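A.B. asks: Here it is, the structure, as structure tokens.
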Amino acid sequence: MRSFSGRDILSLKEFEREEFFRVFQVADELEPIARDRRNSDLLANKTLVTAFYQPSTRTRLAHEAAMHRLGGHVTGFSDAKMTRAGDWYQESIKDTVKMLEYYGDAIVMRHFQQGAPAEAAKWASVPVINAGDGWGEHPTQVLTDLYTVLHEKGHIDGLTFLCIGDMRMRTMHSISYGLTQFDAEVIYVAPPEMSLTDEFKAELRHYNLRFSEAEHVAQVIHKADVIYMEPVVQPDYTKARQEASADKGLTPENYKITRDLLASKAKSDAIILHSLPRMDELPEDVDKTRHSRYWQEAFNGVVMRMALLALILGAME
Ligand code: CP
């Protein structure tokens, strides 16, 4: 297996099957620290630099929390407008990263441009983590999600995933790449204007992923072991920031998971994952059903970032 030490985490297309299990194993080893709400000293001499060019609640704070749980330090920015990259200068990724690499030992970057973290990795002498790039990928979120599935179902092989929402979303790309390494089947349900591109479908076929598409969740939910959701009502992820409009619109029934639908058509043991934030596609009254696992997913988000940081900073080899 390739070493994780010093490695960038940019895409799940690069991940091999045994590497998923190595990351899950390290997450299991570190999980008690987070569960017991302790801090350790595993990364006591390391600093993480956060470079967030787009809003985030979970991804940035989960990385920061992970670093604190491992005794490390954090510096960085969550609003690029207050840096030279976001003001009059519009400083380039290269020039920014050539600074950041001296301020810490790893960089976690979210950006509205697809490929920006990869560009950063080209220039940085320290590992770069992609925390979401435009419509591109969101590898740390999906590693969290697959880890959650492994824990909740005991295995990933043999499961059918129902992916609902906007297929332009970076999570949908990363989970599709990730599932190529498992004996899993995927059913996608998306509005036509948000469906998988022909180019992406060709890529999935190239990796032998078994997948199909459907128009309405009600037609296929009975097949799903894992219901994996994203909103169809959401901002443009290629923009640095989008203010809320008065009328955001409502989600058509085709892309909603309700208590009634779960009770009447879902498998008794189906689980729901949603990386959040949500809109009306997942009503709050679903939270109290036995199907919801998104709060567990949120906890695992810290554990997974602990595992990734420990691995890429060479603390687990
Ligand atoms: N799931 C996720 O990426 O959430 P944030 O945008 O809050 O980081």
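The values are calculated or read from the model by the stated rules, or taken from the named source; none is laboratory data. It should be emphasised that the depicted structure is a prediction, and the values quoted were computed from it without experimental measurement. We place every Cβ from the backbone using ideal geometry, glycine too, and count neighbours over all the protein chains shown. We work out accessible area using only protein heavy atoms, side chains counted, and drop any ligands, DNA or RNA first. Shrake-Rupley method; radii C 1.70, N 1.55, O 1.52, S 1.80 Å.
A.B. asks: Quote the charge dipole size of the chain about the Cα centre in Debye, to the nearest 20; the model charges only the Cβ of Lys and Arg (+1) and of Asp and Glu (-1).
C.D. replies: 460
A.B. asks: Still on this structure, please answer the following. Roughly speaking, to the nearest percent, how much of the chain's 1.4 Å accessible area is carbon and sulfur?
C.D. replies: Working: 6620 of 13980 Å².
Carbon with sulfur: 47 percent of the solvent-accessible area.
A.B. asks: Same structure, new question: Going out from 0 in 10 Å bins, what whole percent of all Cα-Cα distances in the chain drops into each bin?
C.D. replies: Final binned percentages: 6, 27, 35, 24, 8, 0.
A.B. asks: Which GluC sites (Glu not before Pro) in region 164-271 pass both tests, a DSSP loop state and at most 10 other beta-carbon atoms within 10 Å?
C.D. replies: For GluC sites (Glu not before Pro) across region 164-271 that sit outside H, G, I, E and B with at most 10 neighbouring Cβ atoms in 10 Å, the list reads GLU243.
A.B. asks: Among rounded, prolate and oblate, which fits region 253-317 when a ≥ b ≥ c are the square roots of the eigenvalues of its C-alpha gyration tensor, a/c under 1.5 means rounded, and a/b larger than b/c means prolate?
C.D. replies: Working: a/c = 3.61, a/b = 2.63, b/c = 1.37.
Prolate, because a/c is 1.5 or more and a/b exceeds b/c.
A.B. asks: Kirkwood Rh over Cα pairs of region 2-70 into Stokes-Einstein at 4 °C, 1.567 mPa s: D in µm²/s?
C.D. replies: D, rounded to a whole number, is 93 µm²/s.
A.B. asks: I've got another one for you. The chain: longest stretch without exposed chymotrypsin sites (Phe, Trp or Tyr not before Pro) (DSSP loop, at most 15 other Cβ within 10 Å), sites themselves excluded? Walk me through the numbers before you get to the answer.
C.D. replies: Working: sites that count: TRP88, TYR89, TYR102, TYR103, TYR207.
Between exposed loop sites, the widest span is 208-317.
A.B. asks: Moving on. Rounded, prolate or oblate for region 139-297? Axes are the square roots of the Cα gyration tensor eigenvalues, ordered a ≥ b ≥ c, and the cut-off for rounded is a/c under 1.5.
C.D. replies: Values: a/c = 1.42, a/b = 1.09, b/c = 1.31.
Taking the square roots of the gyration eigenvalues as a ≥ b ≥ c, region 139-297 is rounded.
A.B. asks: Turning to a different aspect of this structure: Nothing charged except the Cβ atoms of Lys and Arg (+1) and of Asp and Glu (-1): what's the magnitude of the dipole of region 139-297 about its Cα centre? Round to the nearest 20 debye.
C.D. replies: Magnitude of the dipole: close to 240 debye.
A.B. asks: Defining a contact as two alpha carbons under 8 Å apart and six or more residues distant in sequence, what relative contact order in percent does region 139-297 show?
C.D. replies: Numbers: 244 pairs, mean separation 38.5, N = 159.
Computed over region 139-297, the figure is 24 percent.
A.B. asks: Of the options SER40, ALA224, GLY178, report the single residue whose Cα projects farthest towards the positive end of the charge dipole of the chain (beta-carbon charges: Lys, Arg +1; Asp, Glu -1).
C.D. replies: With unit charges placed on the Cβ atoms, the residue in question is SER40.
A.B. asks: Now, a different point. 222 nm [θ] for the chain, helices only, -39500 (n - 2.57) per DSSP H run of 4+, per residue, to 500?
C.D. replies: Roughly -10500 deg cm²/dmol at 222 nm, from the helical runs in the chain.
A.B. asks: For region 232-279, give the magnitude of the charge dipole about the Cα centre (Cβ charges: +1 Lys/Arg, -1 Asp/Glu; no others), in debye to the nearest 20. The partial results should precede the final answer.
C.D. replies: On the way: 8 positive and 6 negative charges, 22 e Å.
Result for region 232-279 is approximately 100 debye, rounded to the nearest 20.
A.B. asks: Please report the spacing between the Cα centers of region 55-81 and region 217-262 in Å, no decimals.
C.D. replies: Between the Cα centres of region 55-81 and region 217-262 lies a distance of 27 Å.
A.B. asks: Keeping all protein chains in place, calculate the accessible area per residue for region 139-297 (probe 1.4 angstrom), answer in Å². Numbers along the way, then the final one.
C.D. replies: Values: 7020 Å² over 159 residues.
Counting only protein heavy atoms, the per-residue value for region 139-297 is 44 Å².
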